[in-house]
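Participant: My questions all concern the structure below.
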Amino acid sequence: MIKGWAQKLFGKMIRYISIKKASEIMSVSPRTILRRIEDGTLPAYKFGGVIRIREDHLFDALQPISPSEI
C-alpha cells in the first residue's frame, strides 16, 4: 500500500489487486477479468511478471444498464 508522500499526492490510498482477487470481488471468472483487460475495458499494470489492477479502476469499469437491457 502507498503511504506518506504518495498518499498525500493522490489524496487517497491506492490498492492494487490480483486478477484472482478482482474476479472474486466481481463474482466472475479470472478469464473474464483477463478479457476485460485485453479489450481495454479494464486498465491493468504489470509489476515484474505480475499483473495487478487498481481497485478503483475495477469499479470504474462497471457500466449501468437500463431496465430495458435486462
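The values are calculated or read from the model by the stated rules, or taken from the named source; none is laboratory data. Treat the numbers as computed from the prediction; the structure is a model and nothing was measured. Note that each Cβ is placed from the backbone with ideal geometry, even for glycine, and that neighbours are counted across all protein chains shown. Surface areas here come from the heavy atoms of the whole protein model, side chains and all, with no ligands, DNA or RNA. Shrake-Rupley method; radii C 1.70, N 1.55, O 1.52, S 1.80 Å.
Participant: Of all the residues that make up region 29-70, how many are open to solvent by 60 Å² or more (accessible area, probe 1.4 Å), hydrophobic (A, V, I, L, M, F, W, C) and in a loop (DSSP other than H, G, I, E, B)?
Facilitator: Adding up the residues that qualify gives 3.
Participant: Tell me the residue from Lys12, Lys20 that is touching an Asp or Glu at 6+ places or on another chain (Cβ under 9 Å), on the phi < 0 side of the Ramachandran plot and loosely packed, with under 13 Cβ neighbours inside 10 Å, please.
Facilitator: Working: Lys20 fails: touching an Asp or Glu at 6+ places or on another chain (Cβ under 9 Å).
Just one listed residue meets the conditions, Lys12.
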